[in-house]
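Read the figures in this text as sums done on the coordinates, not as results from a lab. These numbers were taken from a predicted model, which means no experiment stands behind them. Here the Cβ positions follow ideal geometry from the backbone for every residue, glycine too, while neighbour counts run over all protein chains shown.
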Amino acid sequence: MVVRVTTMVLRIAALLALILGILFWVNLLGGGLVMVHMLLGLIVTLAVWILGGVMLANKNIGLGLGAIVLGLIVLILGMTQRTLLIGSMHWLIQVIHLLLGLGAIGIGEAIAARYKRESAQAVQSVRS
């Protein structure tokens with residue numbers, strides 16, 4: 001149940017953060033909603049950390065640690081990106097931030113799929 005709810009929270013927060021981020025990038029929104037975007041990014045990071053913790057608890061160390069480290073990188077870059085490569089090269093930081101955010105969504109989805117598959121296998125082995 002935790003994985004299902006956390007995955008849905010991840011999907012909704014990530015979609016809204018992505019929409020806001022793109023609107024900022026193409027200058028359709030002023031900076032007034034940046035804090036909302038940052039809050040959504042924090043929610044995405046927390047969701048990825050929760051899913052990573054579930055993987056660690058299920059003895060999947062690689063995927064669990066990967067999710068936690070990726071979440072930390074996304075959080076750090078998101079909080080500091082305004083100060084990195086200011087000027088004509090700032091688009092590079094924006095692209096990296098976008099790719100890391102998409103990676104966070106991807107690892108969250110991978111964890112949810114793995115958890116669902118492993119849960120189904122556990123139920124199947126109990127029935128056999």
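Among (1) more than 18 Å from M1 (Cα to Cα); (2) surrounded by 11 or more Cβ atoms within 10 Å (Cβ to Cβ); (3) of a type in the set (A, V, I, L, M, F, W, C), where does A47 come up short?
(1)
I'm trying to understand the selection: among the residues of region 36-76, which are more than 20 Å from M8 (Cα to Cα) and among the β-branched types (V, I, T)?
Correct list: I61, V69, I73, I76.
Mind checking which residues of region 50-62 are surrounded by fewer than 19 Cβ atoms within 10 Å (Cβ to Cβ) and of a type outside the set (K, R)? Break it down into steps so the answer makes sense when it comes.
Initially, region 50-62 is screened for residues surrounded by fewer than 19 Cβ atoms within 10 Å (Cβ to Cβ), giving 53, 56-62.
Across region 50-62, the qualifying residues are G53, L56, A57, N58, N60, I61, G62.
Within region 1-35, restricting attention to residues that are touching a residue at least 40 places away in the same chain (Cβ under 8 Å) and under 15 Å from H97 (Cα atoms), which residue is surrounded by the fewest Cβ atoms within 10 Å (Cβ to Cβ)?
My answer is W25.
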